[in-house]
Amino acid sequence: MEITAYSPGTPCWVDLSAPDPSTTSDFYAELFGWTVHDTGEEGGGYRMCLRHGKPVAGIGPQPPGADPSAPRFWSTFVSVLDAEATTEAVREAGGTVRYEPMDVADAGRMAVFTDPTGAEICAWQPRQHPGSALINEPGTPCWHELATRSPERAVDFYRQVFGWDAVNSTVGEADYTTWRCRDEVVAGMIRMTERWPADLPAHWMAYFAVGDTDREVESLRRLGGGVLVPPTDVEPGRFAVVRDPGGGAFGIIAVREG
């Protein structure tokens, strides 16, 4: 599905900070069939990941001083009209501003926050770059999910910052929340219980669409990746949570047709 613009309040981009962007890019290029374009020193070593010649994700170096032992996840960016106004809303809602709004050449303006439950979330004010040009097809982003032990606090925060409404349900034995923005489903949230590792922080998880989850897991293992949650059937399809060789965690899902 090709996308040329995202409505404010909609997740629009994902990227990963990697200790070795070159090797990490090679892994994802092989796994998802991406072509990776290195922007070089001018772009701070950031790599644009292309699917069928269209940008779908980014991979860049870790910021100075990053803890190499900390869990790493793909970052979710939410499209906004005004990065400064969103930053002020984050402060008022009890979040923490990690990086103030900054220009990314003529592509757009970004800011990075931590919500009150400890999960990182990013804002993107688009200019020349609206976000992922392809979604919901193999090798492209298809879902964004917050995992937190304090979903009640998250509900208030994301309502104030992005105008999201929370719709609660039960998936198997898990409490699940669907986030809606102007009646459109934009993301999800799951409660972290005692079954989750005690040292795992709240986080956003980016999911990529695949044609066959089991086959993708086999390819991932062959390329040096690892499996955190093995292929599992849920109502939307068959998913797995995996990691790249450098430890970056992400989800894959083969969505059930119909």
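Structural remarks
- With respect to (1) touching a Cys at 6+ places or on another chain (Cβ under 8 Å); (2) in a helix (DSSP H, G or I), the lone exception for R159 is condition (1).
- Failed condition for H52, given (1) in contact with a helix residue (DSSP H, G or I) (Cβ under 9 Å, 6 or more places away or on another chain); (2) touching a residue at least 40 places away in the same chain (Cβ under 8 Å); (3) farther than 25 Å from W164 by Cβ: (1)
- Applying the criterion of being assigned to a strand (DSSP E or B) and out of contact with any Pro (no Cβ under 7 Å at 6 or more places or on another chain) to the residues of the range 19-48, the residue that is surrounded by the most Cβ atoms within 10 Å (Cβ to Cβ) is V36.
- Tally of residues being open to solvent by 20 Å² or more (accessible area, probe 1.4 Å), under 14 Å from the mean Cα position of the chain (by Cα) and under 22 Å from Y28 (Cα atoms) across the range 96-139: 2
- Selection count where residues are of a type in the set (S, T, Y) and loosely packed, with under 13 Cβ neighbours inside 10 Å, scope the range 164-200: 3
- Qualifying positions in the range 91-136 - touching a residue at least 40 places away in the same chain (Cβ under 8 Å), more than 14 Å from R153 (Cβ to Cβ) and in a loop (DSSP other than H, G, I, E, B): A105, H129, P130, G131, S132, A133, I135, N136
- Enumeration of residues in the range 231-246 that are open to solvent by 30 Å² or more (accessible area, probe 1.4 Å) and either under 19 Å from the mean Cα position of the chain (by Cα) or in contact (Cβ under 8 Å) with a residue 24 or more places away in the chain (or both): V234, E235, P236, R238, F239, R243, P245, G246
- Scanning the range 67-86 for residues that are over 19 Å from the mean Cα position of the chain (by Cα) and touching a residue at least 12 places away in the same chain (Cβ under 8 Å) yields P68, L81, D82, E84.
- Condition met for V56 (under 22 Å from V186 (Cβ atoms) and in a strand (DSSP E or B)): yes
- Considering the conditions (1) within 23 Å of A119 (Cα to Cα); (2) assigned to a strand (DSSP E or B); (3) open to solvent by less than 50 Å² (accessible area, probe 1.4 Å), L228 is excluded by exactly one of them, (3).
The values are calculated or read from the model by the stated rules, or taken from the named source; none is laboratory data. Source: prediction; values computed, not measured. Glycine also receives a Cβ, built like all others from the backbone with ideal geometry; neighbour counts cover every protein chain displayed. Just the protein is used for accessible areas: all its heavy atoms, side chains included, with ligands, DNA and RNA removed. Shrake-Rupley method; radii C 1.70, N 1.55, O 1.52, S 1.80 Å.
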